[in-house]
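Nothing in this text is a laboratory measurement; each read-out follows from the coordinates by a stated rule. Quick caveat: nothing in here was measured; it's all calculated off a predicted structure. Please note: Cβ atoms are built from the backbone with ideal geometry, for glycine as well, and neighbour counts cover all protein chains shown.
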Amino acid sequence: MPTRGTRAEGPPTQHKAAELNMAGAVGKRNEVSDTVDMSKPLYTDSVDVPLPDIPYKEVLTDADKSLKQKEKGPWNQLSKEEKLALYRLKFLKTYPEMNQTTPEWKTVIGAAFFFLGFTGLIIWWQKVYVFPERPRTFEGDWQEKQLKRMLDMRINPIEGLSSKWDYEKGQWK
Amino acid sequence: MFRAAVRLSVSGVRSLTRAQPGCQGVLATRGYSHGKQETDEEFDARWVTYFNKPDIDEWELRKGMNTLVGYDLVPEPKILEAALRACRRLNDLASAIRILEVVKDKAGPHKDIYPYVIQELKPVLEELGVSTPEELGIDKV
């Protein structure tokens, strides 16, 4: 949203501005971006709303105006180009144009992979400079001894670990 | 009644791929739990009357069309004819072409509905001088 000073309520009316001697406050304010007056009807292209609230072009050139006059007569007398011109005066996009696909998804997927890759690089750096040594409890022979100890202790003998071990044959069931 | 082919409802998918009208009636749009259901003919008649209003204004045309396309159906040619004539009374060719575009859009995957509607509307289109989107080349991007 553009910054509009610290006024709590809306912009002053012409009258009030004159009263307050704030000539510069009306009309052109210090706006950083283009604004749309959302209190007025807007033009939209939507497949759900074939006839928008306002025509696309409201300010007509003289050529447009004379074409609009011709529109009041029989439409059979209009050429294809004139009919197209009348369409484009009222509407910005045709239905096929509205429904057009864009290649935006490629950008999205590409950006997602890029940032995943960047994250991978960060983790790699962390592996080198941040992570502590791998605990020796992960090593193969420690894990074997740990498992043997668990089986000797009969961990989860009913449905879990030890129930899967055949104590007679000394192997997994 | 020839209505939109697919009604994604509990009553299942009924596909109307014939180009002929006069098929078995499809249930009315409204899902009231009580009271009389409006028949297809009543629905059509109501909308034809709406667009046939002699002094219909632009707002009413827009409101009518935008409401009509919100229903789960493709409007009958007779409703569309009334709407096109309303456009003529309002000297609005662009909206007439737009109406034809939205009919095609409403038909969705049922590619045979739009040609049928155009075929039914041909006399009206010729009488009023409304070109189809295809004739103007705006059916493609």
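For region A:105-118, the Karplus equation 6.51 cos²θ - 1.76 cosθ + 1.60, evaluated at θ = phi - 60°, returns couplings of 4, 5, 4, 5, 4, x, 5, 4, 5, 4, 6, 4, x, 4 Hz by residue, with Gly and Pro reported as x. Here the Karplus relation 6.51 cos²θ - 1.76 cosθ + 1.60, evaluated at θ = phi - 60°, turns the backbone of region A:122-138 into coupling constants of 4, 5, 4, 4, 5, 4, 6, 10, 10, 5, x, 4, 6, x, 6, 5, 8 Hz, with x for every Gly and Pro. Sites listed here are trypsin sites (Lys or Arg not before Pro) in region B:46-141 whose DSSP assignment is loop and whose Cβ has at most 14 other Cβ atoms within 10 Å: B:111, B:140.
The phi torsions of region A:91-97, fed into the Karplus equation with coefficients 6.51, -1.76 and 1.60 and a -60° offset, translate into couplings of 10, 7, 10, 7, 4, x, 5 Hz, rounded to whole numbers, with Gly and Pro shown as x. Cβ-to-Cβ counts within 10 Å put B:49, A:137 in ascending order as A:137, B:49, the fewest first.
When the Cα positions of A:158, A:142, A:115 are compared along the charge dipole of region A:76-173, A:115 comes out farthest toward the positive end, with charges on each C-beta of Lys, Arg, Asp and Glu. Pairs of Cα atoms nearer than 8 Å and 6+ residues apart set the relative contact order; for region A:17-173 it is 12 percent. Applying a DSSP loop filter and a limit of 15 other Cβ atoms within 10 Å to the GluC sites (Glu not before Pro) in region A:25-127 leaves A:31, A:58. Please say if region A:34-102 is rounded, prolate or oblate, where rounded means a/c under 1.5 for a ≥ b ≥ c the square roots of the C-alpha gyration tensor eigenvalues, and otherwise the choice is prolate for a/b larger than b/c and oblate otherwise? It comes out oblate by the Cα gyration axes. The separation of region A:146-160 from region B:63-117, counted between C-alpha centres, amounts to 74 Å.
Sites listed here are chymotrypsin sites (Phe, Trp or Tyr not before Pro) in region A:74-168 whose DSSP assignment is loop and whose Cβ has at most 16 other Cβ atoms within 10 Å: A:167. Computed over neighbours whose Cβ is under 13 Å from that of residue A:40, the net charge equals -3, Lys and Arg +1, Asp and Glu -1. Other protein chain C-beta atoms within 10 Å of residue C-beta, averaged over B:56-68: 2.
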